[in-house]
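Rule-based calculations on the coordinates, nothing more; no lab input. Predicted model, so just to flag it, every value in this text is computed and none were measured. In this analysis, Cβ positions are derived from the backbone assuming ideal geometry, glycine residues included, and neighbour counts consider all displayed protein chains.
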Amino acid sequence: MVKTLPFLQAAKNLNLPGLDDNLFASAEWSSVIVTTYGTKIFVKYIEREGKVASYIIYSVVKNFLEWKICILSYSDYCDGHVETLEDWKAFFASLRAEYPGYRMALRNLRDPLAKQMPEFRVLSTEKFHLLDLRPELRQVWKNTHDSFRAAVKQSEKTGVVVRRCEKKELRKFYDLHLKIRKEKYKVFPQPYRFFDVIWEEMIAKGNGVLLGAYSPDGEFIGGNIYLVCGNTFYYKFNTSSLSNLKYRPNNLLFWEGIKYAKALRCHWLDLGSSGAEQKGLILFKEHTGAQAMEITHLGFEPPGYKFSQKRILKVMTKTFTLPFVPNEMVRWGSSIIYPYLA
């Protein structure tokens, strides 16, 4: 009943319903993950009357940190296209038979059937925001918070300019990205190769853009990477200079992103996930007029599951983000450790 194929093969040879409706289920995004990290991604599917009726996309993770089935690694969420609870139970049984010693992790946004699975328990929740771009631009502007509009106007008055960037400016974006991840959030940045592959797989093919903010003297002080899938514009990566926040580049970058998305005739702007502790980021997203939802982290652990070495990751993260560690070392460390964070 349940069949399995490598994802890229399934995307090419099967008609998977709704595949192009979500960036994290798309062939382009999976290609980025596979090319960057070598992640093994598969599809389990059930056919009825010669057509795919239900399917889930998952990655298999087996390394020195842990063993798990993830739906889906390096993705904000990846809901299955599942018709019935019985189909979900069949997928679960198939995964358990193939990977009896593995735990399972799901990042669920819109799949109500996964939440009905008695084997899955809620591990945590995150905020998710979605902005409706269908109204006219002036109405979208009016729907933003007063403080958001004031910050956009302030940024414009100070002389900040936002423009579309060329590939050569991706390095400037990454340098700021590394710096803010290290100094503010105390975590590893994604390796530069990840952004380079995103550029080649998506931005260079017209499915995304890097918008850069420049101070009055021409310094790169912030940037947003937006990706496009179907009728949705994805606010995927943001960075800014901690020493130039007086220019309020993030608000202007986001507003210019909205205008860019409207020009592409996108209907939605996906603002992604935010941890409950990221109160400032959540407030920023709410001030854009976006509606809040929840991403639910669901999990399953087999009886006696003990394989977890996350303490190693905590030690490495703490070490590499110390103030005196050179940025080149952080960059090197991220390229080593990030493939294990699937």
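Points worth noting:
- For Phe254, net neighbour charge (Lys/Arg +1, Asp/Glu -1) across residues whose Cβ lies under 11 Å away: +2
- Think of each Lys and Arg Cβ as +1 and each Asp and Glu Cβ as -1; about the Cα centre, that makes the dipole of segment 134-266 roughly 260 debye.
- Our coupling estimate for segment 231-241, obtained by passing each phi through the Karplus curve with A = 6.51, B = -1.76, C = 1.60 and θ = phi - 60°, is 9, 10, 9, 10, 7, 9, 9, 9, 8, 7, 7 Hz, Gly and Pro reported as x.
- Cα long-axis angle, helix 327-337 against the chain (0 to 90 degrees, to the nearest 10): 20 degrees
- Each of Tyr338, Cys70, Thr288 was placed along the dipole of the chain (beta-carbon charges, centred on the mean Cα), and the one lying farthest toward the positive end is Tyr338.
- The length gained by stretching the chain between Ala150 and Glu98 to full extension, at 0.36 nm per residue less their Cα-Cα distance, is 13.2 nm.
- Mean separation of Cα contacts under 8 Å (6+ apart) over length of the chain, as relative contact order %: 24 percent
- Burial ordering of Lys68, Lys259, Lys179, fewest other beta-carbon atoms within 10 Å first: Lys259, Lys179, Lys68
- Total charge dipole magnitude, the chain, about the Cα centre, Cβ charges on Lys, Arg, Asp, Glu only, Debye to nearest 20: 820 debye
- Sequence-distant residues sharing a close amide H with Ser73 (under 5 Å, placed H): Ser59
- With bins 20 Å wide beginning at 0, the percent of Cα pairs of the chain falling in each bin runs 28, 58, 14, 0.
- Residue-by-residue Karplus 3J(HN,Hα) for segment 253-261, coefficients 6.51, -1.76, 1.60, Hz, glycine and proline x: 4, 5, 5, 5, x, 4, 5, 5, 5
- Partner lysines whose Cα lies under 16 Å from the Cα of Lys115, excluding those fewer than 8 positions away in the same chain, are identified as Lys89.
- Segment 170-183 - phi-based ³J(HN,Hα) in whole Hz, Karplus 6.51/-1.76/1.60, Gly and Pro as x: 4, 5, 5, 4, 5, 4, 5, 4, 4, 5, 6, 5, 6, 7
- Most simply put, the chain has about 90% antiparallel DSSP beta bridges, counting only bridges with both residues inside it.
- Normalised per residue, the volume of the convex hull around the Cα set of segment 149-196 (Å³): 113 Å³
- Between Val315 and Leu242, the contour length at 0.36 nm per residue exceeds the alpha carbon distance by 23.7 nm.
- Equivalent ellipsoid dimensions for segment 134-266 as semi-axes, Å, which come from the Cα gyration tensor, largest first: 23, 20, 13
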